[in-house]
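Participant: Structure incoming, see below.
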Amino acid sequence: MNRVIEKTLLAAGLCVSLSLLSCGEENAAKPTPTPTPAPAPAPANTPAPSSNTAPAPAETKPAQASPPAEAKPARPTYTVRGEIVTLPGIEGSVLRLHHERISTFAGRDGKVGKDSQGRPGMKPMTMGFARGSDVSFDGLKPADKIEIVFEIDWEKAGKDDAMVITRLVKLPAETKLDFEGQPSISDPKPAAKPEPK
């Protein structure tokens, strides 16, 4: 009887091993299962199983492999144009940019919200952006107009390196930016009014 149980357990172990080896290989050639010999009949002098002995194990199903760990979703990436307010240095560790509206900007929940005027995305504002490893700020100065591609890491929200510039292009000085009525630092300054005498 023990020999029968050993053979059954060996066959079940073989099935589980083959199942685990073939996980995720839907397009690969499937191995041909090795036929399991039927258990030999019990010799005539072996007593019949009594009600006290455990029944032979039922056919076992192959173990299911746990699903692969989900890959981290890509960080949201946006392209926006703007005007440099300050560069990293004495005033901080990030480039401060007055940017145009980002109409596709989605919050942490992945949904595009609306601003106070009911327009989609993020309204024009000044924000800080960290420099990515392949980005240079050389030759830039305040009031330069640039276009950036940046990614946001919601795990770092509220920190200087939550939004990182991954690409930066300097735009021609005559590029018109739309700050929806907000003043630009490159706008001509109105002439000072003479003081009354």
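All of the numbers you see were taken from the coordinates with simple rules; none came from a lab. Keep in mind that what you see is a predicted model, and the values were worked out from it rather than measured. With ideal geometry, Cβ positions are generated from the backbone for all residues, glycine too; neighbour counts draw on all protein chains shown.
Participant: Is it the case that some residue within region 106-122 is surrounded by 13 or more Cβ atoms within 10 Å (Cβ to Cβ), more than 19 Å from THR86 (Cα to Cα), touching a residue at least 40 places away in the same chain (Cβ under 8 Å) and not acidic (Asp, Glu)?
Facilitator: no
Participant: While we're looking at this one, here's another question. Are there any pairs, at least 6 apart or on different chains, whose C-beta atoms fall under 7 Å, with the first in region 152-168 and closer than 19 Å to ASP138 by Cα and in contact (Cβ under 8 Å) with a residue 60 or more places away in the chain and the second surrounded by 13 or more Cβ atoms within 10 Å (Cβ to Cβ) and of a type in the set (Phe, Trp, Tyr), and if so, which?
Facilitator: ILE165/PHE129; ILE165/PHE150; THR166/PHE150
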